[in-house]
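Please see the structure below; I have some questions.
Every number in this text was worked out from the coordinates using simple rules, so none of it is lab data. Because the structure is a prediction, the values reported are computed rather than measured. Note that each Cβ is placed from the backbone with ideal geometry, even for glycine, and that neighbours are counted across all protein chains shown.
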Amino acid sequence: MNHSGSASESSGGSYLTVAIRASIVFIILCGIIYPLACTGLAQLFMPHQANGSLIENAEGQIVGSELIGQKFADPAYFHGRVSSIDYKAEASGSNNYAPSNPDMLARTKESIEAWKRDNPDVPISDLPIALITNSGSGLDPHITPESADVQIPRISKLTGIPTEQLQELVKQHTEGRDLGVFGEPRVNVLKLNMALEQALQ
């Protein structure tokens, strides 16, 4: 009698059973238990960050996130960096144009002309490059303190708030380097504009 065929079939069946059981175990561990554990720990130890670093106004309404920039068209507000995706979080990214790209040059010239029109008291030589360049994500919520300071003459003229008060607002909302060494000092534009609105009341 030939038993090799039945033995082979039995062995193949046991391998299949082991593979199915292993798959089920890993699906439960990696697809259910691990995500739930991470979510639970995040909610326990850092709920603000886990929920999107959302920002609320004085009425408790959510007005944005610390991590996602917004477009402020009103010249009476501080403006953020250029965004080629109009700050749409679902489309993070940029065109990655080379400095010689015609579209890039046209957009930069347009930004410079807009700056000269809206900020006649600030010479173009004082315009920080960060205000006319796109970040890698197109969602940068921060600007440099220098980029905030050069907007103060325009905002002071339109709001009537003294320049010294606006300078103090920028100083109060300037975040230092992470752990004192990583990154650069920065200002969250949304938070700064919320403080500006408070100063107008």
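For residue 174, what residues show an amide H to amide H distance below 5 Å, using hydrogens built from the backbone and excluding near sequence neighbours?
When sequence neighbours closer than 5 places are left aside, there are no close amide H contacts.
Which of 190, 169, 29 ends up with the largest GNM mean-square fluctuation for the chain, with Cα atoms connected below 10 Å?
Checking each option, the largest mean-square fluctuation is seen for 29.
Here's something else I'd like to know. Taking neighbour Cβ counts within 10 Å as the exposure measure, how do 173, 142 sort from fewest upward?
By the 10 Å Cβ count, ascending, the order reads 173, 142.
Would you please name the GluC sites (Glu not before Pro) within the range 75-124 that are DSSP coil residues with at most 16 other C-beta atoms within 10 Å of their C-beta? Write out the running numbers ahead of the final one.
Working: sites: 90, 110, 113; in loops: none.
Counting only loop positions with at most 16 other Cβ atoms within 10 Å, none of the GluC sites (Glu not before Pro) in the range 75-124 qualifies.
For the chain, what's the relative contact order in percent, using C-alpha pairs closer than 8 Å and at least 6 residues apart?
19 percent
Still on this structure, I have one more. Rank the residues 46, 104 as a footprinting-exposure proxy: fewest other Cβ atoms within 10 Å of their Cβ go first.
The fewest-first ordering by Cβ neighbours comes to 46, 104.
Further, regarding this structure: When the Karplus curve 6.51 cos²θ - 1.76 cosθ + 1.60 is applied with θ = phi - 60°, which whole-Hz ³J(HN,Hα) does each residue of the range 150-156 get, with x for Gly and Pro?
Per-residue couplings from phi come out as 6, 8, 4, x, 5, 5, 4 Hz.
Once you charge only the Cβ atoms, +1 for Lys and Arg and -1 for Asp and Glu, what is the size of the charge dipole of the range 54-200 about its Cα centre, to the nearest 20 debye?
Numbers: 13 positive and 21 negative charges, 63 e Å.
Dipole of the range 54-200, to the nearest 20 debye: 300 debye.
Which far-off residues, 5 or more places away or on another chain, put their amide H under 5 Å from the one on residue 63, with H placed in the peptide plane?
Amide H to amide H, under 5 Å and 5 or more residues apart or across chains, residue 63 pairs with 55, 56, 57.
Please report how far the C-alpha centroid of the range 150-201 lies from that of the range 70-86, rounded to the nearest whole angstrom.
Distance between centres, Cα-based: 15 Å.
Quick one: what are the phi-derived ³J(HN,Hα) couplings along the range 69-75, Karplus 6.51/-1.76/1.60 with θ = phi - 60°, whole Hz, x for glycine and proline?
Those phi angles translate into x, 9, 8, 10, 7, 4, x Hz.
When all alpha-carbon pairs of the chain are counted, what percent fall beyond 32 Å?
Working: 7743 of 20100 pairs.
Cα-Cα pairs in the chain separated by more than 32 Å: 39 percent.
With θ set to phi - 60°, apply the Karplus curve 6.51 cos²θ - 1.76 cosθ + 1.60 along the range 34-47 and write out the HN-Hα couplings as whole Hz, x wherever there is a Gly or Pro.
For the range 34-47, the Karplus-derived couplings read 4, x, 5, 5, 5, 5, x, 5, 5, 5, 6, 9, 8, x Hz, x marking Gly and Pro.
Same structure again: Among DSSP bridges having both ends in the chain, what percentage is antiparallel? Round to the nearest 5.
About 90 percent, rounded to the nearest 5.
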